[in-house]
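K.L.:
I'd like to ask you about the structure that follows.
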Amino acid sequence: MSTSHVVPRWVDYGVSPPQWLPQDPSAAALYLTETLGHPVFETWTWQRLVQVFGALPDAKRSKPKVCSLLIEVAQVTEVWHQGKLQTLTSEQAPDVAQVVLSLLKSQKKRFRQVPTGQSKVVDAEASASFGPNVAPGLVPWLQRTGGLYNPHPQTNTLGVEDDYAALSLFLRERAARSKHTWRAYLSELEGLVRWCTTHGLGPLSDLTRADLLRYQVHLRGPKDGGIGKGDTSQARALAVVASLFRYWHSTGYLLGNPAAGLTTGARAQAGFTPTRFVPTNLLQQCDTWVVQSVAVSPDVQRWRRAAIWILFRYSGARLAELAWNAEAKLPRLDMDSHGDAVLTVIGKGGKERCIPLPAMGNAVLAGYRQARGLSASPAHLEQVPLIHGDKGGALGARGLYDEIRMVLQSVARAIQETDPAGATLLREVSPHWLRHAYARTLVVDKRVPLPAAQALLGHATVQTTAAYAKTDLRQLREFVEIGFSPRAAQKSSM
């Protein structure tokens, strides 16, 4: 049987205003159950099942695992562990305080332990460091200055004395409004830093124009024997680098701007032409592999991989949009009034977007939820992370990326002998290619009206959506054949 211990003081920063969690472990478990939308620690007997569900048949439908175990033991406990609901005998169940503490630690962004003696709840953003959150190994490299650094406080209006602090201020002013922008900027700047460390250059304030031109050439070349960055990715990377040096120079942190004129100043999105597509037959082979994988061994990890594939394949969502946002409680899967699945994500600019999912993915999504110990369909106001992590909480963007790559690499190995060209292509595919495939299906194959396709994809402008139509010579040929067919000629002469 479980025993009770006092839980350290924790604060829930996922609500406004922030709230203290109850100190009693059982009360804390109840609070977490109500706020997160899933059971955390619940003990069941036949008597309690009847009290909650009214009749045993209803209880058996809602809690089949619980009822099955209660035939053999007097009490059964449901425990939330590592993103899944486990059903155990009460003797097997861990202590309630242990379960609560494990869950709180798995969601560090939302729940924080308050130091002993602190008498009030402080704002999470105010108490957190606003550093750029770069990889820890790169911080010492950034905490330096180079030849272009301006040491004179009269003209260095940033008032900082190393590149790390100056980079923090740049990100705070230029990227803090959107988590997507923050991640994108940080990713591009980390790419520059890693290139510098590889070539023995740096710090950033020591780079010359010649160094940046060499980096520009590096962006165009293939990476690790594969495909290099596309034109749009190159333009975006250079735009971020140019923006950093322009900001540093304009604020007086640098004596000169080595990136002046490095880009045209036009937005990286201008002239966007998607070119990286996966043939439909290869995607269908991936679909088949995913379904067969859960049929062979239906464990929760395989179900999770299958669900991730379905979400990427049939929602067109960006990688960052499928990563759990604890503050917004998104992404979220709901069922509409007709019983059809709808995925809600938070896109660029913090805008929510609802994406209807095709019925062909329902079985996989329901199977994954059931493998986690959840109901097949999402409960009303459920706040469980859409994709669970290996150590509790939610699977991050890196984990989502790795699962998609696992599918692609597995199919590549399977078709290596029969389709070596297809296998080579699959080894180069990233999750964003699936977004391109989704967009192409809408715009080219199904000829969905551009405003509707724009809404589904979350594009800022319809011109971006229209770019997918530019890339399909087959459709243009079809239009030409229709336009110059004998029938069309007869109509025009009437």
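The values are calculated or read from the model by the stated rules, or taken from the named source; none is laboratory data. All values reported here derive from a predicted model rather than from experimental measurement. Reconstructed Cβ throughout: ideal geometry from the backbone, glycine too, with neighbour counts over all protein chains shown.
K.L.:
Name the single residue, out of those in the stretch 227-245 being modelled with pLDDT of 75 or more, among the small types (Gly, Ala, Ser) and more than 14 Å from Asn257 (Cβ to Cβ), that is surrounded by the fewest Cβ atoms within 10 Å (Cβ to Cβ).
P.N.:
Of everything passing the filter in the stretch 227-245, Ser233 is surrounded by the fewest Cβ atoms within 10 Å (Cβ to Cβ).
K.L.:
For the stretch 111-133, does any single residue satisfy the condition of being on the phi < 0 side of the Ramachandran plot, at pLDDT 90 or above and in a loop (DSSP other than H, G, I, E, B)?
P.N.:
no
K.L.:
Let me ask something else. Please work out if Arg318 is within 18 Å of the chain's Cα centre (by Cα) and either over 21 Å from Tyr468 (Cβ atoms) or not hydroxyl-bearing (Ser, Thr, Tyr) (or both).
P.N.:
So Arg318 fits the description; yes.
K.L.:
Please go through the stretch 447-494 and pick out each residue that is modelled with pLDDT under 70, in a loop (DSSP other than H, G, I, E, B), out of contact with any helix residue (DSSP H, G or I) (no Cβ under 7 Å at 6 or more places or on another chain) and of a type outside the set (S, T, N, Q).
P.N.:
Listed by number, the list holds a single entry, Met494.
K.L.:
If a residue has to be closer than 17 Å to Gln98 by Cα and more than 25 Å from the chain's Cα centre (by Cα) to count, how many in the stretch 31-46 make the cut?
P.N.:
Counting residues in the stretch 31-46 that are closer than 17 Å to Gln98 by Cα and more than 25 Å from the chain's Cα centre (by Cα) gives 4.
K.L.:
Considering only helices (runs of 4 or more DSSP H) fully contained in the stretch 18-77, which possess at least 3 residues that are basic (Lys, Arg) and surrounded by fewer than 20 Cβ atoms within 10 Å (Cβ to Cβ)?
P.N.:
Qualifying helices (runs of 4 or more DSSP H): none found.
K.L.:
Which residues, counting only those in the stretch 292-345, are aliphatic (A, V, I, L, M), part of a loop (DSSP other than H, G, I, E, B) and within 23 Å of Trp433 (Cβ to Cβ)?
P.N.:
Once the filter is applied, which keeps residues that are aliphatic (A, V, I, L, M), part of a loop (DSSP other than H, G, I, E, B) and within 23 Å of Trp433 (Cβ to Cβ), the stretch 292-345 yields Ala317, Ala323.
K.L.:
Could you list all residues from the stretch 369-380 that are closer than 10 Å to Leu333 by Cβ and not charged (D, E, K, R)?
P.N.:
Of everything in the stretch 369-380, those that are closer than 10 Å to Leu333 by Cβ and not charged (D, E, K, R) turn out to be Ser377, Pro378.
K.L.:
Turning to a different aspect of this structure: Of the residues His199, His152, His180, which single one is out of contact with any Pro (no Cβ under 9 Å at 6 or more places or on another chain), modelled with pLDDT of 90 or more and not assigned by TED's automatic domain parsing to the domain that holds Pro385?
P.N.:
Among His199, His152, His180, only His199 is out of contact with any Pro (no Cβ under 9 Å at 6 or more places or on another chain), modelled with pLDDT of 90 or more and not assigned by TED's automatic domain parsing to the domain that holds Pro385.
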